[in-house]
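The values are calculated or read from the model by the stated rules, or taken from the named source; none is laboratory data. Quantities reported herein were computed from a predicted structural model and do not represent experimental measurements. No Cβ is skipped: glycine too gets one built from the backbone with ideal geometry, and neighbour counts run over all protein chains shown.
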Amino acid sequence: MAAEDLQQLRELVEFLKANGIAEFDMERTDLKVRLKFAGLQPAVPAVDLSHLAAIAAQSAAPAAVAVPVLPQAVAPAAQAVAAPAAPAAEAGLEGAHIVKSPIVGTFYEAPSPDADPFVKIGDHVSSGQVLCIVEAMKLMNEIEADVAGEVVKLFVKTGQPVEYGQALFAIRQ
C-alpha cells in the first residue's frame, strides 16, 4: 500500500471515529476495507459528508462514482417527529426481531437479477446467513441475519431505496 493511500486511510478512520460511524465498507479493484468500531452503535452522522466523498473519490478507480451527501444535522426533536412507527407493532409481528438496514442504499433480495432470492417469507435462517444486499456507492453490502428464526415479513422490494435504520425483514425467533 502506497504511503498516500495509507494516509488517506488514516484520515478516513479518524473521520469515521470523530463522527461516531460504527461501520464502513469500501471496495475497489485492488483494495477492500471493512471497518467496525467496537463499542459504537451505528448512527446517522450529523455532518456534511462531502469530505468523505472527496476521500472516496480520490481512492476510487478511474470510473465515475455517484456519492450521496447527507443533509446537515436535523434537530433531535424533528427526528423524533419524523421517525416512522415501529414495524414490529404491526399485527402479527409482536415479538419478531426486526432486521434494519445499517446503511443508505438500494435493496436487492438476490445476488443477480436472474437468481433466486437469498431468503423468502417462511424460510428458516440462521444467525450470520445472508438475507439481502444493500448497494451503496457501487459497493454490494451483504446484510446478514443477526438472529436465527423464521422470516415472517419482508418490508421492501428489490430495487427500492432504503434509509439507515429502515426495517428490511421481520424474523420470529
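Would you mind finding the one in S127, S101 that is more than 12 Å from V152 (Cα to Cα), buried (at least 20 other Cβ atoms within 10 Å of the Cβ) and at pLDDT 90 or above?
Values: S127 fails: buried (at least 20 other Cβ atoms within 10 Å of the Cβ).
Answer to the selection: S101.
Give me a count of the residues in segment 154-173 that are modelled with pLDDT of 90 or more, surrounded by fewer than 18 Cβ atoms within 10 Å (Cβ to Cβ) and not charged (D, E, K, R). Reasoning before the result, please.
Kept after step one, since they are modelled with pLDDT of 90 or more, are these residues of segment 154-173: 154-172.
Checking which are surrounded by fewer than 18 Cβ atoms within 10 Å (Cβ to Cβ) leaves us with 157-161, 163-165, 172.
Now drop any that are not not charged (D, E, K, R), which leaves 158-161, 164-165.
The qualifying residues number 6.
Do you know which residues across segment 140-153 are surrounded by fewer than 17 Cβ atoms within 10 Å (Cβ to Cβ) and closer than 15 Å to Y108 by Cα?
M140, E142, E144, listed by residue number.
So, of the residues in segment 106-124 that are in a strand (DSSP E or B) and surrounded by 14 or more Cβ atoms within 10 Å (Cβ to Cβ), which turns out to be farthest from the chain's Cα centre (by Cα)?
Per the criteria, the residue is Y108.
Run Q72 past the list (1) over 16 Å from the mean Cα position of the chain (by Cα); (2) at pLDDT 70 or above and report the number of the one that doesn't hold.
Answer for Q72: the failing condition is (2).
Residues that are in contact with a Ser or Thr (Cβ under 7 Å, 6 or more places away or on another chain) and either aromatic (F, W, Y) or not assigned by TED's automatic domain parsing to the domain that holds M26 (or both): does segment 114-132 have at least one? So that I can check it myself, show each step before the final result.
The first filter runs over segment 114-132 and keeps only residues in contact with a Ser or Thr (Cβ under 7 Å, 6 or more places away or on another chain), leaving none.
Looking for residues that are in contact with a Ser or Thr (Cβ under 7 Å, 6 or more places away or on another chain) and either aromatic (F, W, Y) or not assigned by TED's automatic domain parsing to the domain that holds M26 (or both), one finds none in segment 114-132, hence no.
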